[in-house]
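Here is the structure we will look at.
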Amino acid sequence: MIDKNVDLKDFFKKSQLIPAIVQDCDNGEVLMLAYMNEESLKLTLETGFTWFFSRSRGELWNKGATSGHVQRVKQILYDCDEDTLLVLVNQTGAACHTGNRTCFYRELYTE
């Protein structure tokens, strides 16, 4: 259910693109970070599947449309500044274009 008291335009007051952190709704695993514009957020809300804006290609993309590795949206939360989204999903297949389940598969530092 979409909160009718929220104006989607409020998320884009600071920038036309906002980060969307995508997380597995079952185990909390962070799958990826992508960017949304107002149109991709609307499409995500309308379809129940993630849509993003590709900064490199300059166009909308529906995650999994060609690979079949779709993300079914279960919940969308937003931060206190209303400029970042947390998208909780059921992930089918790999989230990363490399074929890895998550985009965060490489380690930089461990204590």
Restricting the search to the stretch 82-111, which residues are touching a residue at least 12 places away in the same chain (Cβ under 8 Å) and among the charged types (D, E, K, R)? Glu82, Asp83, Arg101
Failed item in (1) in a loop (DSSP other than H, G, I, E, B); (2) under 11 Å from the mean Cα position of the chain (by Cα); (3) among the charged types (D, E, K, R), with Asp3 passing the rest: (2)
Would you be able to tell me the number of residues in the stretch 79-96 that are surrounded by fewer than 17 Cβ atoms within 10 Å (Cβ to Cβ) and in a strand (DSSP E or B)? 2
All positions within the stretch 6-51 that are open to solvent by 80 Å² or more (accessible area, probe 1.4 Å) and either aliphatic (A, V, I, L, M) or more than 16 Å from Asp79 (Cα to Cα) (or both): Gln16, Asp26, Asn27, Leu33, Glu39, Lys42, Glu46
Identify, by number, the condition in (1) open to solvent by 40 Å² or more (accessible area, probe 1.4 Å); (2) in contact (Cβ under 8 Å) with a residue 40 or more places away in the chain; (3) outside any strand (DSSP E or B) that Gln75 doesn't meet. (3)
Picking from Ala94, Ala65, which residue would you name as being over 24 Å from Lys9 (Cβ atoms), in contact with a Lys or Arg (Cβ under 7 Å, 6 or more places away or on another chain) and of a type outside the set (Ser, Thr, Tyr)? Ala94
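The values are calculated or read from the model by the stated rules, or taken from the named source; none is laboratory data. Model, not experiment: these values are computed from the prediction. Virtual Cβ from ideal backbone geometry, glycine too; neighbours counted across all protein chains shown. These accessible areas exclude ligands, DNA and RNA; they are computed on the full protein's heavy atoms, side chains included. Shrake-Rupley method; radii C 1.70, N 1.55, O 1.52, S 1.80 Å.
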